[in-house]
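Read through the structure below, which is laid out as structure tokens, and then see the notes.
The values are calculated or read from the model by the stated rules, or taken from the named source; none is laboratory data. Note that this is a predicted model, so its numbers are computed, not measured. Every residue, glycine as well, gets a Cβ built from its backbone with ideal geometry; the counts of neighbours run over all protein chains shown. These accessible areas exclude ligands, DNA and RNA; they are computed on the full protein's heavy atoms, side chains included. Shrake-Rupley method; radii C 1.70, N 1.55, O 1.52, S 1.80 Å.
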Amino acid sequence: MAERARELIRNTGIFAIGSLSTKLLSLLMVPLYTTLLSTADYGTVDVIGTFTGLLAPLVTLSVYDAVFRWALDDANDASTAFSNALVVWASSMLIFSSICVGLAALGVAHIGYFWFMVVLGSLGAICSSLVRGLGYVKLFTVAGIVSSVVFMTLNLVFLLQLELGLTGYLLASAISAAVSVLVVALGAQVWQYWQVTVVRPARMQQLLVYSLPLVPNALSWWGVASANRVVLLTFAGVAANGLYAVANKLPSLINLVYGAFLQSWQMAAVKSYDDQDAGAYYTKTFDIVARLQLLMVMALLCVTQFVFATWIAPTYWQAW
């Protein structure tokens, strides 16, 4: 159990470095965002991100989860899963793109950016699931740090120098997301796992049999984390949603740490599934994680008001 624990902690740390570097750089930029973006602008950014997260599992049918599971077993299985998942993804994107064209014709704002982020995010999820299943753990850290630096640099240029406002923020977000996918793809050379000869309807069906039951799970996680944003948007408006987005900055640190652990835990849980003491290992891990989360919540409660008083623009003080 000690060796499994060390591997779990090590992988969690690696994932956390990439995730937390992104979040910390984002927090450093909060004074800039809250000064140069109105609450309505910030709310718009948050709404787009919220619905992007909702559509990712829907338009891909969570096929990236199947890629991850197959990649854990064998490189040949990974190639088969990845190739067939890309075909499923491409088919879904054709339908999604058609819908977005119709929405653009109706004059829906920012639909082009929304389309780009959903397409790129879903493709990135498939590539990331492949390389994570193959064990390229450190690559996530590199991709997270590089994309964060690109995002911060572009925001300084677009917001401060070019004064592009909301458009500049969205553009910086899109470019940095593309850079992240590119780093993952190049670092693991994912094109080597594409084989048209293994693409079969029966293979796609196998992936979907595994992934489709996970779609409600993904939507449930989205509901817990983001459904309140939809309620705010409906009854209080986009500006109130912007305040909520800023208020959620610090608590989201806990989600990031847990997300890093979850990525590592998925790998560890599958590898230890057949061990005789798997049940005891799962129970002990859950107990430790629950205690650590409680400690993190208590620590954040102690510093939140101070951070808002010294770090956030006065127009956003209501978020406290």
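Numbers below:
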quantity: Cα Rg over Rh - the chain, Kirkwood; calculated: 0.97
quantity: Value of [θ]222 nm, deg cm²/dmol, for the chain, DSSP H segments ≥ 4, -39500 (n - 2.57) each, nearest 500; calculated: -28500 deg cm²/dmol
quantity: Segment 65-180, relative contact order in percent, only Cα pairs under 8 angstrom and at least six apart counted; calculated: 28 percent
quantity: Cleavage-rule hits (chymotrypsin sites (Phe, Trp or Tyr not before Pro)) in segment 192-234: DSSP loop, at most 13 neighbouring Cβ within 10 angstrom; calculated: TRP194
quantity: Per-q log10 I(q)/I(0), segment 190-298, q = 0.10, 0.11, 0.20 Å⁻¹ (Debye; single scatterer per alpha-carbon; no solvent); calculated: -0.54, -0.64, -1.17
quantity: Å³ per residue enclosed by the Cα convex hull of segment 56-129; calculated: 59 Å³
quantity: Part-to-part distance (alpha-carbon centres) for segment 165-217 and segment 44-60, which is given in Å; calculated: 15 Å
quantity: Surface/4 of the Cα convex hull for segment 124-200, nm²; calculated: 6.0 nm²
quantity: Cα-based convex hull, segment 242-320, per residue volume (Å³, whole number); calculated: 82 Å³
quantity: Cut-off 15 Å between beta-carbons: net charge of the residues surrounding TRP222, Lys and Arg +1, Asp and Glu -1; calculated: -1
quantity: Cα pair distances in segment 74-195, grouped into 5 Å bins until the bin that holds the longest one, percent each; calculated: 2, 11, 17, 17, 17, 15, 12, 6, 2, 1
quantity: Dipole magnitude of the chain, debye to nearest 20 (Cβ charges: Lys/Arg +1, Asp/Glu -1, about Cα centre); calculated: 120 debye
quantity: Accessible area per residue in Å² at 1.4 Å probe, computed on the chain; calculated: 50 Å²
quantity: Sequence-separation-based contact order of the chain, relative, with Cα cut under 8 Å and 6+ spacing, percent; calculated: 34 percent
quantity: Mean Kyte hydropathy of 1.6 or more with a Cα span along the axis of at least 24 Å, helices from DSSP in the chain; calculated: 137-155, 166-188
quantity: 20 Å Cα-Cα reach of LYS138 towards aspartates and glutamates, excluding residues that sit fewer than 8 places from it in its own chain; calculated: GLU3, GLU7, ASP65, ASP73, ASP74
quantity: 26 Å tail of the calculated P(r), segment 13-154, as % of Cα pairs; calculated: 36 percent
quantity: Packing-based order for 258-268, 240-250, 293-303, 62-72, using average beta carbon neighbours within 10 Å, highest first; calculated: 62-72, 240-250, 258-268, 293-303
